Amino acid sequence: MRRAARTPTARPWTTTTLPGRRFMVRAKPLLRRVALAAAVALGATTLAPLPALAADTSVAAAKVWSADTTYASAGQRVTYRATVDGVVKQAVFVNAWWTRGDAPSFTSNEGPWKRVGAAQIVDGAGTVSIELTPPWYASTAYTGGMIVAVGAPASISCFKAKYWTQGFNPATAVAHEWETPWERLAACPDGTTAPITPSSDAAGRIDHLPPQDPVKPVVPGGTPVVPPVMPTVPPPSPVVAPTVDSGSTLPAEGYAFLRQVSAGDWDWLFPLRSGKYDTQGGTRNMEPIARPDGSTDTFTLPAFRRAVLEYNGWAKANNCKQFLNEGTLKQQSQEFLVFWAKSSRETSGSWQGAPAPWIRDYIDRDGRVTQVWKGALYWVEEVGYTSNTDGTSPNIGYVDTGSVDFPPVPGRSYHGRGVIQLSWNYNYGAFSRWLYDSGLMRDVITAPDTLLKRPDLVATNGALSILSGIWFWMTPQGQKPSSHDVLYGDAINISRNSTDRGLPQLRTGFTVNGQPTGPVATGDTTDEGVMAFRIGTIINIVNGGLECNGAASWHQGPPQRISYYNAYTTYFNERSINPGATRVSVATNIWNDKISTSSPEAVQSATCFNQKSYYGW
């Protein structure tokens with residue numbers, strides 16, 4: 001039986017955000033681009049520089065995209081022309097992963113093709129000019145400084161992004177300036193510039209890196225800029241965690257579900273994980289990232305067990321709730337499955353229409369086919385960035401030189417890494433400080449600033465990377481309860497305002513089972529509607545500003561998260577473990593679905609389509 005719910009007396013460090021900063025979304029809450037989903041998810045994201053690109057980004061220097069061509073390796077440039085809203089546009093695009101038949105897009109960042117620089121407008125006479133003020137699109141991700149146009153030609157207005165944003169209409173009326181990620185401009189800049197030549201460098205290429213000062217690294221162009229945060233030095237833990245055996249042997253008592261998860265189960269979940277050698281996989285399954293001797297395979301089941309034991313040792317010593325070691329076998333299995341469904345979407349290397357081994361079918365005992373995307377834990381380092389073994393990076397990004405408590409180290413890049421895409425030097429530094437002061441990962445974290453000097457460890461040390469994900473899962477942040485408390489039914493109140501911690505409100509006019517609030521229940525549940533709302537709430541906690549409030553009508557993240565959960569649950573419920581985890585059956589195999597008001601209520605709940613985003617009420 002699960003012990004009685006209690007209020008922990010100690011929690012890991014947190015940060016303070018400015019009022020109303022609800023658009024900090026997209027993998028960068030605290031530890032990650034919590035704003036999750038993110039670059040690692042490879043959908044709806046602005047990529048950082050791709051080092052494989054050549055400097056010339058002109059249309060003349062690239063081959064024309066072909067639906068019949070297989071682009072097997074990342075970094076290949078193509079030119080693509082299409083008519084968008086009656087305007088002929090062309091641009092250079094670069095692929096982020098293997099692709100065939102996926103056309104580039106001028107209106108969305110989703111998919112394998114990422115545009116290089118500005119689009120070019122081609123008039124009837126064939127004259128080419130650069131488009132400086134493109135229309136705003138809900139499916140496009142914008143970085144700080146980008147300008148868009150909104151409205152009819154006779155009443156057009158222009159807006160400049162303050163920081164990374166997606167899905168927020170610049171024309172939305174707000175009561176306070178800090179409520180919008182957009183700045184309205186007094187006048188629109190000239191919509192086009194003089195015709196360009198193939199040798200021009202005016203297109204704002206994403207592969208250009210400004211000269212790096214040896215003391216103050218410069219953030220490269222195209223790097224997402226998130227709303228300002230004011231990180232605080234995390235207080236030392238009241239009690240230092242006991243030393244954990246690096247062998248990750250589970251204790252004799254507890255861990256009813258985890259102790260039954262085998263290496264075979266782990267390989268079924270993550271066959272293409274980064275560092276695991278597989279000649280049928282991608283570049284992260286090949287040398288030098290992956291070696292045949294297995295020495296680079298760090299995202300293993302023992303690494304996961306160690307991360308769990310490290311966190312729970314600290315939690316037990318400080319009277320906090322534990323991860324995967326509370327409640328019944330069924331509850332523990334659900335926590336495992338939702339945690340990894342969430343993280344699988346964040347790190348997935350699979351894509352719509354991918355061949356085997358990236359997507360496979362699972363046939364259950366009743367003959368029903370469940371599609372399973374197999375690319376989880378593949379992108380543990382943000383696309384376009386790499387790290388050297390000494391912690392340095394050839395491309396530098398996510399550097400805040402103004403951070404006093406956690407100053408960046410020259411030559412280091414603090415781009416997204418790990419299962420939650422930990423990003424920015426102040427988050428690496430604060431996490432490193434908390435680990436050191438709490439006595440966690442002592443063989444790795446040997447000083448308070450270890451991760452500032454060696455940020456690469458978050459992508460190469462599986463236990464450390466997973467521990468950051470467990471920390472985020474277990475820690476409430478502001479209005480958001482912890483994912484653990486949501487899933488266990490410990491958090492059941494609906495939040496009333498931006499300072500009231502609780503479950504999200506439904507969108508205006510939406511109901512579930514005829515009620516104006518989402519279905520809740522105390523403790524465990526077999527009700528698929530309640531489970532759906534809990535999973536949708538966890539998506540909201542992770543990346544609500546991007547993926548909730550109707551965004552599942554175009555954003556691939558929520559349907560993929562719940563599809564991962566149902567696929568994983570189907571598998572484990574048929575194993576000898578048979579935990580009886582509650583599925584959301586109506587949301588099975590909706591990997592590529594676009595959610596709408598006509599979708600079943602449980603699907604709308606499980607994808608947070610019917611929920612307002614946190615800090616949005």
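Considering the stretch 509-529, and only residues there that are free of Cβ contacts under 8 Å to residues at least 40 places away in the same chain and among the β-branched types (V, I, T), the residue that is surrounded by the fewest Cβ atoms within 10 Å (Cβ to Cβ) turns out to be T522.
Residues being open to solvent by 10 Å² or more (accessible area, probe 1.4 Å) and under 24 Å from I420 (Cα atoms): count how many of those fall in the stretch 482-497.
Adding up the residues that qualify gives 3.
Answer yes or no as to whether R433 is open to solvent by 10 Å² or more (accessible area, probe 1.4 Å), of a type in the set (D, E, K, R) and assigned to a helix (DSSP H, G or I). Yes; evaluated as a whole, the condition is true for this residue. Inside the stretch 437-460, residues that are part of a helix (DSSP H, G or I) and in contact with a helix residue (DSSP H, G or I) (Cβ under 7 Å, 6 or more places away or on another chain) make up a count of 7.
Output the residues belonging to the stretch 599-608 that are in a loop (DSSP other than H, G, I, E, B), open to solvent by 10 Å² or more (accessible area, probe 1.4 Å) and in contact with a helix residue (DSSP H, G or I) (Cβ under 7 Å, 6 or more places away or on another chain).
Here is the first cut: in the stretch 599-608, the ones in a loop (DSSP other than H, G, I, E, B) are 599-600, 607-608.
Now drop any that are not open to solvent by 10 Å² or more (accessible area, probe 1.4 Å), which leaves 599-600.
If the condition is that a residue be in a loop (DSSP other than H, G, I, E, B), open to solvent by 10 Å² or more (accessible area, probe 1.4 Å) and in contact with a helix residue (DSSP H, G or I) (Cβ under 7 Å, 6 or more places away or on another chain), then P600 is the only one that fits.
Residues to consider are P558, P504; find the one that is surrounded by 23 or more Cβ atoms within 10 Å (Cβ to Cβ) and over 25 Å from Q371 (Cβ atoms). Steps first, answer last, please.
Values: P558 fails: over 25 Å from Q371 (Cβ atoms).
Matching residue, one of P558, P504: P504.
Based on this model, can you work out whether T401 counts as closer than 21 Å to D297 by Cβ and surrounded by fewer than 24 Cβ atoms within 10 Å (Cβ to Cβ)?
no
Residue-level check: of (1) at pLDDT 95 or above; (2) open to solvent by less than 30 Å² (accessible area, probe 1.4 Å), A551 misses just (1).
If you check C548 against the conditions, is it at positive phi and within 17 Å of the chain's Cα centre (by Cα)? No; evaluated as a whole, the condition is false for this residue. Screening Q90, Q120 for residues that are assigned to a strand (DSSP E or B) and without any contact (Cβ under 8 Å) to a residue 40 or more places away in the chain leaves exactly one candidate, Q90.
Within the stretch 324-336, at least one residue is part of a helix (DSSP H, G or I), among the basic types (K, R) and either modelled with pLDDT of 90 or more or surrounded by fewer than 18 Cβ atoms within 10 Å (Cβ to Cβ) (or both). L132 satisfies every condition listed in (1) in contact with an Asp or Glu (Cβ under 9 Å, 6 or more places away or on another chain); (2) farther than 24 Å from N95 by Cα; (3) open to solvent by 20 Å² or more (accessible area, probe 1.4 Å) except (2). Residues in the stretch 268-323 that are of a type in the set (S, T, Y), open to solvent by less than 50 Å² (accessible area, probe 1.4 Å) and part of a helix (DSSP H, G or I): Y311 only.
The values are calculated or read from the model by the stated rules, or taken from the named source; none is laboratory data. Computed from a prediction, not measured in an experiment: that's the story for all the values here. No Cβ is skipped: glycine too gets one built from the backbone with ideal geometry, and neighbour counts run over all protein chains shown. Quick note on the areas: whole protein, heavy atoms, side chains included, nothing else; ligands and nucleic acids left out. Shrake-Rupley method; radii C 1.70, N 1.55, O 1.52, S 1.80 Å.
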